[in-house]
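Input: a single structure, listed below in structure tokens.
The values are calculated or read from the model by the stated rules, or taken from the named source; none is laboratory data. Note that the structure is predicted; figures quoted are calculated from it, not measured. A quick note on method: Cβ atoms are made from the backbone with ideal geometry, for glycine too, and the neighbour counts reach across all protein chains shown.
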Amino acid sequence: MNPTLAAKNLADRAVDDAKKKKGAELAERHAAGQLAIWKDSERGIPNPLVRCALFSARNRNVARQLYRASAPLVFPVIGGGELKYTGEELRQDDEIVWMHLVHLSKEARSELVSFTPYQFLKSIGWHTTKAYYTRLFESFIRLAGGLIMVYNQGSNRGITTRLIARFAYAKKPHAQWTVRVFDKDDELLFLFDTLYSRVDWDIRLALPEGICTWLHGFLSSHRDPFPHKIETLAAGAGLALTPAHDDALSDAELAKMRMDRLRDLRKLFREAAQALVTSGFLESFELTRAGILHTVRAKR
């Protein structure tokens with residue numbers, strides 16, 4: 001064998017061995033309750049996942065898109081990094097489902113959790129009608145079927161993972177469902193080994209779903225949030241500033257549509273920030289004429 005190739009193979013094996021060892025250590029820390037620590041009144045989520053459009057703030061009445069491996073959804077993480085996603089589009093309702101699953105896993109100190117769908121729906125503030133059982137079931141399918149690829153510029157390392165490994169279900173509302181939130185050899189735990197946000201659960205459940213909940217999650221990842229342009233926040237929430245390309249529209253018409261959209265987004269983010277002040281999460285905010293949102297978090 002070529003000495004250079006042999007050395008490369010040896011180096012690759014060393015990296016794989018170190019990765020497996022690290023994964024085993026993380027799984028052990030999770031089982032001991034030491035990996036992620038937050039109160040029962042909070043939910044944890046890795047910072048990269050709330051600083052991008054993985055769980056978009058798009059209107060629930062708009063059909064979800066499907067992203068294939070040949071054309072994944074690619075978006076930057078605000079503050080640095082990149083995330084890619086393949087599968088059915090995820091939104092804020094999927095985020096709340098996933099955060100609660102992770103919380104149950106943390107509390108059980110196990111990658112495997114069991115519950116009735118009735119209990120789960122009550123815990124996330126959803127109604128217990130048939131439509132919401134279906135909504136929960138479909139969310140689990142999306143979380144189990146999608147694949148995320150997270151690249152961190154600081155460590156020059158990318159990982160792939162599914163948000164939940166698999167789940168078993170029953171058709172009766174008071175029968176047990178079982179979810180394997182992660183596999184021990186999976187990369188999901190690596191996301192919690194860096195920085196994660198602690199989201200106030202009561203506030204999250206009380207907020208209107210969409211831009212407001214996305215902004216709450218995003219600002220929860222900053223103790224002292226930086227000012228951000230509305231354009232940056234809109235992109236982070238997965239909200240388009242420009243319509244799909246239409247050859248029938250002139251440049252002037254496209255520019256006007258963009259300005260109208262930006263005006264609407266400023267209004268929506270102002271309303272979301274005001275709701276966060278009312279909830280007690282923010283102490284104050286200011287949206288400047290230049291479209292820059294300044295926020296001050298309330299003292300914990």
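Taking each residue of the range 248-265 that is basic (Lys, Arg) and looking for partners that are not in a helix (DSSP H, G or I) with beta-carbon atoms closer than 9 Å, six or more apart or interchain, yields 258/241; 258/242; 258/243; 261/239; 261/240; 261/241; 261/242; 261/243. Residue-level check: of (1) at negative phi; (2) touching a residue at least 60 places away in the same chain (Cβ under 8 Å), residue 123 misses just (2).
In this structure, residue 44 does satisfy being touching a strand residue (DSSP E or B) at 6+ places or on another chain (Cβ under 8 Å), at negative phi, surrounded by 12 or more Cβ atoms within 10 Å (Cβ to Cβ) and modelled with pLDDT of 70 or more.
Could you tell me whether any residue of the range 94-109 is within 24 Å of residue 170 (Cβ to Cβ), surrounded by 21 or more Cβ atoms within 10 Å (Cβ to Cβ) and touching an Asp or Glu at 6+ places or on another chain (Cβ under 7 Å)? Yes, some residue in the range 94-109 is within 24 Å of residue 170 (Cβ to Cβ), surrounded by 21 or more Cβ atoms within 10 Å (Cβ to Cβ) and touching an Asp or Glu at 6+ places or on another chain (Cβ under 7 Å).
Of the residues in the range 70-98, how many are among the aliphatic types (A, V, I, L, M) and in contact (Cβ under 8 Å) with a residue 24 or more places away in the chain? Number of matching residues: 6.
Being of a type in the set (A, V, I, L, M, F, W, C) and touching a Ser or Thr at 6+ places or on another chain (Cβ under 9 Å) is the filter here, so list the residues in the range 256-291 that pass it. Within the range 256-291, 257, 272, 273, 276, 277, 281, 282, 285 meet the criteria. Residues satisfying the criterion are present in the range 76-86 (criterion: surrounded by fewer than 21 Cβ atoms within 10 Å (Cβ to Cβ), of a type in the set (Lys, Arg), within 30 Å of residue 232 (Cβ to Cβ) and in contact with a strand residue (DSSP E or B) (Cβ under 9 Å, 6 or more places away or on another chain)). In the set (1) farther than 28 Å from residue 40 by Cβ; (2) without any contact (Cβ under 8 Å) to a residue 40 or more places away in the chain, residue 298 fails one condition alone, (1). Take residue 41 and tell me if it is without any contact (Cβ under 8 Å) to a residue 24 or more places away in the chain and of a type outside the set (Lys, Arg). So residue 41 does not fit the description; no. Considering 219, 191, 239, 262, the condition of being at pLDDT 95 or above, surrounded by 15 or more Cβ atoms within 10 Å (Cβ to Cβ) and either touching a strand residue (DSSP E or B) at 6+ places or on another chain (Cβ under 8 Å) or not in a loop (DSSP other than H, G, I, E, B) (or both) is satisfied by 219 alone.
Scanning the range 59-69 for any residue that is crowded, with 21+ Cβ neighbours inside 10 Å and closer than 23 Å to residue 234 by Cβ turns up nothing. Among the residues making up the range 161-174, those that are in contact with a helix residue (DSSP H, G or I) (Cβ under 8 Å, 6 or more places away or on another chain) and either free of Cβ contacts under 8 Å to residues at least 60 places away in the same chain or in a strand (DSSP E or B) (or both) are 161, 162, 165, 166, 167, 169, 173, 174. Only one of the numbered conditions (1) under 20 Å from residue 185 (Cβ atoms); (2) surrounded by fewer than 16 Cβ atoms within 10 Å (Cβ to Cβ); (3) modelled with pLDDT of 95 or more is violated by residue 158, and that is (3).
One residue stands out in the range 265-300 among those that are of a type in the set (Ser, Thr, Tyr) and under 20 Å from residue 234 (Cβ atoms): the one that is surrounded by the fewest Cβ atoms within 10 Å (Cβ to Cβ), namely 288. Against the numbered list (1) surrounded by fewer than 14 Cβ atoms within 10 Å (Cβ to Cβ); (2) under 19 Å from the mean Cα position of the chain (by Cα), residue 175 comes up short only at (2).
All of (1) over 21 Å from residue 76 (Cα atoms); (2) surrounded by fewer than 18 Cβ atoms within 10 Å (Cβ to Cβ) hold for residue 203 with one exception: (2).
When 14, 36, 27 are checked against the criterion of being aliphatic (A, V, I, L, M), outside any loop (DSSP other than H, G, I, E, B), buried (at least 17 other Cβ atoms within 10 Å of the Cβ) and at pLDDT below 90, a single residue qualifies: 27.
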